[in-house]
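Report on the structure given below.
What follows is calculated from the coordinates using simple rules that are stated; it is not laboratory data. Bear in mind that the values here come from a model prediction, so they are computed numbers and not experimental data. For neighbour counting, all protein chains shown are included, and Cβ atoms are generated from backbone atoms with ideal geometry for every residue, glycine included.
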Amino acid sequence: MRALITGNEAVSTAVRLARVELIAAYPITPQTSISEKLSQYCSEGTLDADFVKVESEHSAMATVIGAASTGVRTFTATSSQGLALMHELLHWSSGARLPIVMANVNRALGAPWNIWGDQSDSLAQRDTGWLQFYCESCQEVLDTTLMAFAVAERVNTPVMVMLDGFILSHTAEPVQIPEPDAVDSLLGGGPSPPALVDPENPRTLHAVTSPDHFMEFKHHQFQAAAGAEKVSVEVAEEFGKIFGRNYPGTEEFMCGDAETILVASGTAAGTVRHVVRKYREQGKKVGMMRVRMFRPYPFDEVRRIVSGAKRVAVLERAISPGSEGTMAQELRSAAYSAGGGPQVYDFVAGLGGRDIVPEDIERMLELVENGADKLQRVNWLGLKE
């Protein structure tokens with residue numbers, strides 16, 4: 001079935017198709033309509049799930065941690081300050097190896113107060129142990145949410161699905177909605193965390209651990225997250241065979257002979273792709289790489305894509321004050337780890353929901369190709385005088 005739905009509706013539809021058993025929700029713009037729609041599904045009986053209304057995002061994550069510890073499929077959603085409030089429990093859920101899935105509708109972090117989209121909220125959580133996927137379209141939002149459950153439950157690691165606030169969350173696009181039986185064939189029998197609450201088999205969960213064992217727990221967690229790259233590729237291949245839509249961890253567009261590669265994630269990739277096509281028509285060797293899977297970071301794949309280029313320009317929608325953009329940090333690590341590599345330039349744009357227009361991308365290309373000697377470690381696009 002094909003329907004005209006928003007990105008937030010795409011999330012809710014995927015959660016219903018995944019037959020989630022418990023949802024914990026707290027409203028926050030621009031995520032709220034995800035929770036509203038799921039509440040409606042539960043109320044009308046089209047989703048057989050417990051819908052738990054909580055008093056904060058911290059409580060929402062605590063609730064799904066408890067539920068996931070009993071082996072049920074769980075879901076929550078948030079944005080911005082709500083995700084920041086969850087920070088403590090993001091570490092806890094990943095350390096406990098719980099296959100929770102959460103949608104984060106990307107929104108700027110204050111101060112100053114801002115309800116529009118950038119990626120500062122999710123990128124600030126990069127070291128919490130959650131897998132992260134960034135979507136470009138409403139169709140990709142629905143499909144990635146479904147795949148997130150499959151990945152989470154195969155590696156016992158929580159997954160965060162990102163969609164840009166308002167640009168995707170509140171914009172409607174034609175979306176192909178899968179049949180429930182086909183989704184069941186992808187997701188199988190549901191989660192199986194390594195330790196479950198079971199009255200017939202009492203055990204201690206998430207207990208205090210001494211220095212004699214703590215490091216080994218973290219090593220297992222690290223290995224699971226690293227192994228999630230291979231599992232994500234396998235799940236995407238299975239998804240492609242069932243539904244005919246394919247999602248690589250890292251998308252390359254006209255990168256084969258590119259001398260300059262632009263790097264983007266989320267909806268900004270559409271604008272970058274438009275500019276790349278324009279410059280290709282002019283005979284310029286320009287390409288684009290879209291980072292879809294940010295955790296685990298696909299080091300080998302990124303290195304392969306950018307290795308033949310002379311220049312790489314990274315378009316950031318978040319910044320680490322006192323350092324540089326998070327995406328550029330990761331790309332430098334991948335590109336330079338084997339020695340050599342292209343020159344990497346870092347550009348910040350679109351913070352707080354400011355539009356990223358083709359002229360910004362063209363300016364970025366002009367600077368890296370003809371004015372590199374004037375560039376700084378971090379360069380800001382679209383600043384007002």
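Each Lys or Arg adds one and each Asp or Glu takes one away; over the other residues whose Cβ falls under 13 Å from the Cβ of Ser323, this sums to -1. Most tightly packed first, judged by the mean number of other beta-carbon atoms within 10 Å of their residues, the peptides 361-367, 261-267 read 261-267, 361-367. For Cα extents along the principal axes in Å, which listed value, (i) 69, 53, 45; (ii) 62, 57, 50; (iii) 109, 46, 44, comes from the coordinates shown? This structure yields the entry labelled (i). Protection proxy ranking, highest mean first, for peptides 280-289, 303-312, 147-156: 147-156, 303-312, 280-289, where packing is the per-residue count of other beta-carbon atoms within 10 Å, averaged.
By definition, a body whose alpha carbon gyration tensor gives a ≥ b ≥ c is rounded when a/c is under 1.5, and segment 252-380 falls into this rounded group.
Estimated from helices alone, the mean residue ellipticity of the chain at 222 nm is -13000 deg cm²/dmol (sum of -39500 (n - 2.57) over DSSP H runs with n ≥ 4, per residue). Annotation: peptides 68-75, 51-58, 207-214, 116-123, ranked by per-residue average of other Cβ atoms within 10 Å with the highest first, follow the order 116-123, 68-75, 51-58, 207-214.
Quick check: net charge around Ala25, other residues with Cβ under 9 Å of its Cβ, Lys/Arg +1 and Asp/Glu -1? In short, 0.
Helices that extend 24 Å or more along their long axis by alpha-carbon positions and average at least 0.5 on the Kyte-Doolittle scale are, among the DSSP H runs of the chain, 138-155. Of the GluC sites (Glu not before Pro) found in segment 180-230, the ones in coil according to DSSP and having at most 11 other Cβ atoms within 10 Å of their Cβ are Glu200. Let me know the shape class of segment 1-158, please: from the alpha-carbon gyration tensor, a ≥ b ≥ c as square roots of the eigenvalues, rounded when a/c is under 1.5, otherwise prolate if a/b is greater than b/c, or oblate. The shape class here is rounded.
Close lysine pairs were tallied over the chain: pairs 8 or more places apart or on different chains with Cα atoms under 30 Å apart number 15.
Rounded, prolate or oblate: which fits segment 173-292, taking a ≥ b ≥ c as square roots of the Cα gyration tensor eigenvalues, rounded meaning a/c under 1.5, else prolate when a/b beats b/c? Taking the square roots of the gyration eigenvalues as a ≥ b ≥ c, segment 173-292 is oblate.
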